[in-house]
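This is the structure I want to talk about, given as structure tokens.
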């Protein structure tokens with residue numbers, strides 16, 4: 001009976017650690033993204049441009065970027081929880097960190113600096129990095145792979161927007 005109580009206590013401790021790591025895994029990239037949006041997301045230059053109809057409004061870009069950050073944070077946590085940042089897939093963590101860094105530079109490059117060439121190149125590299133994350137994640141956790149798919153679509157959309165901005 002005492003061993004059952006000890007077993008339950010260990011399970012609760014393990015569950016608390018898992019929830020704490022999940023919160024950190026999601027909140028760190030989400031907080032970075034939100035901070036960048038708050039600091040650089042006013043989009044005065046972007047709003048003044050005459051844009052094609054397929055350009056999303058700025059509020060949607062902010063929301064979708066936050067959603068993508070959430071999904072990739074969750075996907076990375078799932079891969080981490082399954083031990084996917086070790087062994088054969090040890091480059092998955094560096095690819096994920098590179099993706100987070102590349103994804104947060106779009107707002108300042110486009111919305112503040114108007115550096116559309118740099119933003120376009122950054123988006124292409126980010127898409128490639130995200131695709132490599134997708135490939136690594138799918139080997140470890142099928143759900144993590146599925147979470148990366150909408151993020152790939154969003155990165156492709158931002159790449160198209162960035163290239164179109166070059167010719168406006």
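Fewest Cβ neighbours within 10 Å first, please rank 107, 99, 7 accordingly.
7, 107, 99
Stretched out fully, how many nm does the piece from residue 113 to residue 153 gain, at 0.36 nm a residue minus the Cα gap?
Gain in length upon complete extension: 11.9 nm.
Between the range 103-168 and the range 1-53, how far is it from one alpha carbon centroid to the other, in angstrom?
Distance between centres, Cα-based: 19 Å.
What angle, in degrees between 0 and 90 and rounded to the nearest 10, separates the Cα long axis of helix 91-104 from the longest principal axis of the Cα atoms of the chain?
40 degrees
Please give the FRET efficiency for residue 13 paired with residue 82, using the beta carbon to beta carbon distance and R0 = 25 Å, rounded to the nearest 0.05.
FRET efficiency, residue 13 to residue 82: 0.80.
With a 10 Å radius around each residue's Cβ, average the other Cβ atoms per peptide and rank 111-117, 72-78, highest first.
Listed from highest to lowest mean packing, they are 72-78, 111-117.
What angle, in degrees between 0 and 90 and rounded to the nearest 10, separates the Cα long axis of helix 116-140 from the longest principal axis of the Cα atoms of the chain?
Its long axis makes an angle of about 20 degrees.
What distance in nm separates the simple spin-label points at residue 56 and residue 39, each placed 7 Å from Cα in the Cβ direction?
Here the modelled spin labels are 2.2 nm apart.
Sorted from fewest to most neighbouring beta carbons within 10 Å, what does the list 54, 106 look like?
With the sparsest Cβ surroundings first, the list reads 54, 106.
To continue, here is another question. How far is helix 142-165 tilted, in degrees, relative to the longest principal axis of the Cα atoms in the chain, given as a value from 0 to 90 rounded to the nearest 10?
Approximately 10 degrees, to the nearest 10.
Continuing with the same structure: Could you pull out which residues in the range 96-112 have an amide N less than 19 Å from a spot 7 Å beyond the Cα of residue 28, following the Cα-Cβ vector?
Only 96-105 pass the distance filter.
Would you calculate the separation in nanometres between label points at residue 47 and residue 135, each defined as 7 Å from the Cα along the Cα-to-beta-carbon direction?
Once both label points are built, they end up 4.1 nm from each other.
Could you list 46, 96 in order of exposure, starting from the residue whose Cβ has the fewest other Cβ atoms within 10 Å?
By the 10 Å Cβ count, ascending, the order reads 46, 96.
Readers should treat all values here as calculations from the given coordinates under stated rules, not as data from a laboratory. These numbers were taken from a predicted model, which means no experiment stands behind them. Cβ: placed from backbone, ideal geometry, glycine included. Neighbour counts: every protein chain shown.
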